[in-house]
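The values are calculated or read from the model by the stated rules, or taken from the named source; none is laboratory data. Being a predicted model, the structure only gives us computed values, none of them experimental. For neighbour counting, all protein chains shown are included, and Cβ atoms are generated from backbone atoms with ideal geometry for every residue, glycine included.
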Amino acid sequence: MVSRVVFGRGSFNQLSDILEPKRLNVKAPFIYLVDDVFKGNAWLTSRISLAYEDQLLFISADKEPTTSQVDALVEDIILTYKDRPSGIIGIGGGTLLDLAKAVSIMLTNKGESKDYQGWDLVKSPAIYHVGIPTISGTGSEVSRTTVLTGPKRKLGINSDYTPFDQVILDPELTKDVPTDQWFYTGMDCFIHCVESLKGTYLNAFSQSYGEKAYDLCKEIFVEANGSKEALQDKLMMASWHGGMSIAYSQVGVAHALSYGLGYLLGTKHGIGNCIVFDHLEEFYPEDVALFKHMKTIHNIKLPQGICAQLADDEFDTMINVALGLEPLWENALGKNWKQTITREKLRTLYEKM
Ligand code: NAD
Ligand code: ZN
């Protein structure tokens, strides 16, 4: 679990006070990985105070993080600084948060990040790392994974060293998120809750967080219950609780299929989950109906026919990625999932998207 967290509108102002005691020495910088959507945005960047050799790197979130991107960042840091950094601070959505987590792990673990994709493969504790979400939904700010696309698969580095040491939850940072993206990333949270609550791995721990986040999603996306600011606050906490819910259970069918789309077509996580979930009536009937209702309320038009032109080997690639995520299927459908989930079935589902 994340060991320290502050919450509140304006809490981003506490960043330098939080970091200063963690500075190891003047040659050990803090390195900020910031979504480049904030480049030239003084409202945010003027509150990051750089001292000594601290560095601020703007990074695009247009593509999801890859293992080679992580390895290149780590190599740059090692070559630039004699001393190991005092900390890595990720500011942005799931893309930047996952990058920050992965870089902090790879600064203390040998080899390439692709070698750590999987469960509990990380040997040494990461360096101090701080997560500051600027869009709500993925739960990356609280989770014990960092999802990376590698040469062979899209899979997280899941470990006890992955979670942030410190998180700053300042809902005001989400104020300029465009509506479509707000919906896609918000629905990631909704889908985390559905897959956790409807899964066979469910337990009292996961259920308590999942139910709270599910209810918050309804307040936000169906009832629009509260001011704009109140809804931002609620979505930030829904994201946190949704992440906590899957921490002790697992995601399910939508995530397995969405990883296939992401791997082959580069479809981003939030929108990919929406495209898939729209076709999962068979698995999650009431929740898919509610999802469609939320789409209508917010006038969201999802892309159609994204698999229409694909060749057989491309379908095979997506199916291999999806089927490789065994814990997700087992959570969704139980130990005998292989009796119902066949390659043909997945092909039919992908063909509908
Ligand atoms: P994102 O980080 O990819 O950002 C989506 C878009 O929103 C980008 O264009 C970004 O620039 C923009 N944006 C972010 N904050 C903004 C702001 N305040 N104002 C205006 N624009 C803003 O989106 P995401 O959905 O948060 O993250 C997706 C990533 O998270 C994927 O890589 C996925 O694999 C990962 N993920 C990780 C976990 C985990 O537990 N580690 C869980 C789910 C998803
Ligand atoms: Zn997700």
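For segment 146-170, a residue qualifies if it is assigned to a loop (DSSP other than H, G, I, E, B) and either surrounded by fewer than 22 Cβ atoms within 10 Å (Cβ to Cβ) or charged (D, E, K, R) (or both), and the qualifying residues are GLY150, PRO151, LYS152, ARG153, ASP160, TYR161, ASP165, ASP170. Of all positions in segment 224-236, none carries a residue that is more than 21 Å from VAL5 (Cβ to Cβ), free of Cβ contacts under 8 Å to residues at least 40 places away in the same chain and within 16 Å of ligand 2 (Cβ to nearest atom). Among the residues here, GLY90 does not qualify as within 16 Å of ligand 2 (Cβ to nearest atom), on the phi < 0 side of the Ramachandran plot and either surrounded by 14 or more Cβ atoms within 10 Å (Cβ to Cβ) or outside the structural domain of PRO163 (by TED's automatic domain parsing) (or both). LEU96: assigned to a helix (DSSP H, G or I) and of a type in the set (A, V, I, L, M, F, W, C), yes or no? Judged against the criteria, LEU96 is a match.
Applying the selection to segment 145-185, what residues are away from ligand 2 (no atom under 11 Å from the Cβ) and small (Gly, Ala, Ser)? Selection gives GLY150, SER159. Filtering segment 149-186 to residues that are modelled with pLDDT under 95 and out of contact with any Phe, Trp or Tyr (no Cβ under 6 Å at 6 or more places or on another chain) leaves THR149, GLY150, PRO151, LYS152, ARG153, LEU155, GLY156. VAL194 fulfils the conditions (1) over 29 Å from GLU326 (Cα atoms); (2) touching an Asp or Glu at 6+ places or on another chain (Cβ under 6 Å) except for a single criterion, (1).
Going by the conditions given, is PHE291 part of a loop (DSSP other than H, G, I, E, B) and within 18 Å of SER196 (Cα to Cα)? Spelling it out, it is not the case that PHE291 is part of a loop (DSSP other than H, G, I, E, B) and within 18 Å of SER196 (Cα to Cα).
A quick yes/no check of all residues on (1) farther than 24 Å from TRP119 by Cβ; (2) touching a Phe, Trp or Tyr at 6+ places or on another chain (Cβ under 6 Å); (3) part of a loop (DSSP other than H, G, I, E, B); (4) outside the structural domain of MET187 (by TED's automatic domain parsing):
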position	(1), (2), (3), (4)
VAL276	no, no, no, no
GLU281	yes, no, yes, no
LYS295	yes, no, no, no
CYS307	yes, yes, yes, no
LEU310	yes, no, yes, no
ILE319	no, no, no, no
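From the list GLU75, GLU64, the one residue that fits, being near ligand 1 (Cβ under 8 Å from one of its atoms) and surrounded by fewer than 22 Cβ atoms within 10 Å (Cβ to Cβ), is GLU64. Taking into account only those residues within segment 111-142 that are closer than 16 Å to ASN158 by Cα and not in a loop (DSSP other than H, G, I, E, B), which is farthest from ligand 1 (Cβ to nearest atom)? That would be ASP115. For beta carbons closer than 6 Å, sequence separation of 6+ or different chains, a first residue in segment 324-353 that is over 26 Å from PRO303 (Cα atoms) and a second that is at pLDDT 95 or above and among the β-branched types (Val, Ile, Thr), the qualifying pairs are ASN331/THR200; GLY334/THR200.
Residues that are without any contact (Cβ under 8 Å) to a residue 40 or more places away in the chain, on the phi < 0 side of the Ramachandran plot and surrounded by 15 or more Cβ atoms within 10 Å (Cβ to Cβ) are absent from segment 3-16 altogether. Selection of segment 171-225 for residues being part of a loop (DSSP other than H, G, I, E, B) and within 17 Å of the chain's Cα centre (by Cα) yields only VAL177. Checked against (1) touching a Lys or Arg at 6+ places or on another chain (Cβ under 9 Å); (2) over 24 Å from ASP62 (Cβ atoms), GLN232 meets all criteria but (2).
Residues in segment 256-308 that are in contact (Cβ under 8 Å) with a residue 60 or more places away in the chain and polar (S, T, N, Q): 1 in all.
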